[in-house]
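Here's the structure we're looking at; comments come further down.
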Amino acid sequence: MQTLPPWPASQPGRKKVLWGEHARHEFPALLQNKPVVLVPIGSIEQHGPHLPVDNDISIPFHIAVRTAELINEFPVLVTPPVWQGFTHYNMGFYGTITVRLETFIAMLTDICRSIYANGFERIILMNGHGGNVAPVTAVANKLAHENIYTLSFPYWSLCQTEMTTWSTKDGRGPGHAGEWESSFQLYLRGHLVALDKREAGDVRWPFSEAVMKYAHVPERRRESPNGSVGDPFAASAEKGQRIFNLCVERLVAMVREYHEKPLLRYLDFGTDAKVLPTLF
C-alpha cells in the first residue's frame, strides 16, 4: 500500500507547494496564471483515547498538499494550517485548545484578506472540524461583501455518500474518532493510532430522533463519555487510503474548475451596485 510522507508533508525533493516555504520574491511569478490557494482549517481537540488531538487539521492538510502536488498546469499553494478551531465543547478532555467564536471568525477573515491582498483571488477554505462548519460559512459570506470570492466546505462533503455506502459499521461519516477518522489516521499516520486503546462510543442526543431531523442543537459534550462517536474497530488503513484518494480526486477537479472559471463579483448585478457599499 502506498504511504504518504509524515507530517509535515513537505520534504526535500518534493514539489514546493506550501505557502510558508516560498521566499517573498517568488510570489509575483505565482500570480501570473490564475493561482488557487488552499486553506486547511481544523482544530486541536480530543479524539477519543486512541487518536492524536490534531486529527481534524491533519486530514484537510494532507488532502490539500496532495492535491497541490498533483496539479502542474498552474500554481496551487497550501497555506499554513489554521489549527485554532471553535471547539469549546471538548474542553472537558485534556489536550483540547479552543478559541472564541468571535476570535475564530476574525482570525480566518483576516487570513483570507491577507491572501487576497497578496494578489491571490481564488481561495478555497477546506475545513476538517464539525464545530467550524457554521463559522467558516459566516466567514465566506462576510468576505463576499468585500468582493473576496471563496469556495468553502468541510472535506467530508467530497465523500459523504461514499462514507455512508462504504461503511461496514458506522453507516455514515466522518463521525468522531470512529470508523472513518480512524481509517484516515491509520493510512496517514498509523504510528500515532493507539490500537490497544480504541473504544467505540455513541452520540448523546438530548431530543427524539423526530426532533433532531429538523432542529439544531449546539454541541455540549454530546459525545460519549470516552469522547468517541462511532466504532474505530471497523477502521483500516485500506479504507483510509480509498477515501483519501477519492477526496483528492474530487478536490483536484474542483481546483481545476475554479482556475478556469471567471471570478464572480459580489455586486455584478443590480442598479444599486454603486450605492450598496455605502449602506454597510
- Mind checking which aspartates and glutamates have their Cα closer than 16 Å to the Cα of Lys239? Skip sequence neighbours fewer than 8 apart in that chain. Glu162, Asp170, Glu179, Glu181, Asp231, Glu249
- Query: In nanometres, what is the gap between the two model label sites at Arg14 and Asn147, each 7 Å from Cα along Cα-to-Cβ?
  - Reply: 3.8 nm
- Task: Would you calculate a helix-derived [θ] at 222 nm for the chain, using -39,500 (n - 2.57) for each DSSP H run of n ≥ 4 and dividing by the full residue count, to the nearest 500?
- Result: -10500 deg cm²/dmol
- Query: Using the Cα gyration tensor of the range 165-253, with a ≥ b ≥ c the square roots of its eigenvalues, what is the shape: rounded (a/c below 1.5), prolate (a/b larger than b/c) or oblate (neither)?
  - Reply: oblate
- Task: Subtracting the Cα-Cα distance from 0.36 nm times the residue separation, let me have the gained length for Asn118 to Ala215 in nm, one decimal.
- Result: 30.8 nm
- Message: Could you identify which residue out of Ala138, Ala68, Ala23 has the top mean-square fluctuation in a GNM of the chain using Cα springs shorter than 10 Å?
- Response: Ala23
- Task: Kindly flag which residue pairs out of Lys169/Lys213; Lys15/Lys142; Lys142/Lys261; Lys16/Lys142 have an alpha-carbon separation exceeding 25 Å in this structure.
- Result: Lys15/Lys142; Lys16/Lys142
- Query: Applying the Karplus parametrisation 6.51 cos²θ - 1.76 cosθ + 1.60 with θ = phi - 60° to the phi angles of the range 233-238, what ³J(HN,Hα) value in whole Hz is obtained for each residue in order, glycine and proline being reported as x?
  - Reply: 5, 8, 7, 7, 5, 5
- Message: Multiplying the sequence separation of Ala138 and Trp205 by 0.36 nm and subtracting their Cα-Cα distance, what value in nm do you get?
- Response: 21.6 nm
- Note on the structure: Once phi for every residue in the range 142-154 is put through the Karplus expression 6.51 cos²θ - 1.76 cosθ + 1.60 (θ = phi - 60°), the whole-Hz ³J(HN,Hα) values, with Gly and Pro written as x, are 5, 5, 4, 5, 8, 6, 9, 9, 10, 9, 9, 5, x
- Query: Hey, what's the Cα Rg ratio for the range 31-88 versus the globular rule of thumb, 2.2 N^0.38 Å?
  - Reply: 1.35
- Message: What translational diffusion coefficient, to the nearest whole µm²/s, does the chain have by Stokes-Einstein, given a Kirkwood radius computed over alpha-carbon pairs, a temperature of 25 °C and 0.890 mPa s viscosity?
- Response: 124 µm²/s
- So, with points 7 Å from each Cα along the Cβ direction, the Glu73-Lys197 label distance in nm works out to 4.5 nm
- Message: If you restrict to DSSP beta bridges whose two residues both lie in the range 19-279, what percentage is antiparallel, to the nearest 5?
- Response: 20 percent
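We did not get these values from a lab; they are worked out from the coordinates using the rules stated. Since the model is a prediction, treat every value here as computed from it, not as a measurement. All Cβ positions, even for glycine, are placed from backbone atoms using ideal geometry, and neighbour counts span all protein chains on display.
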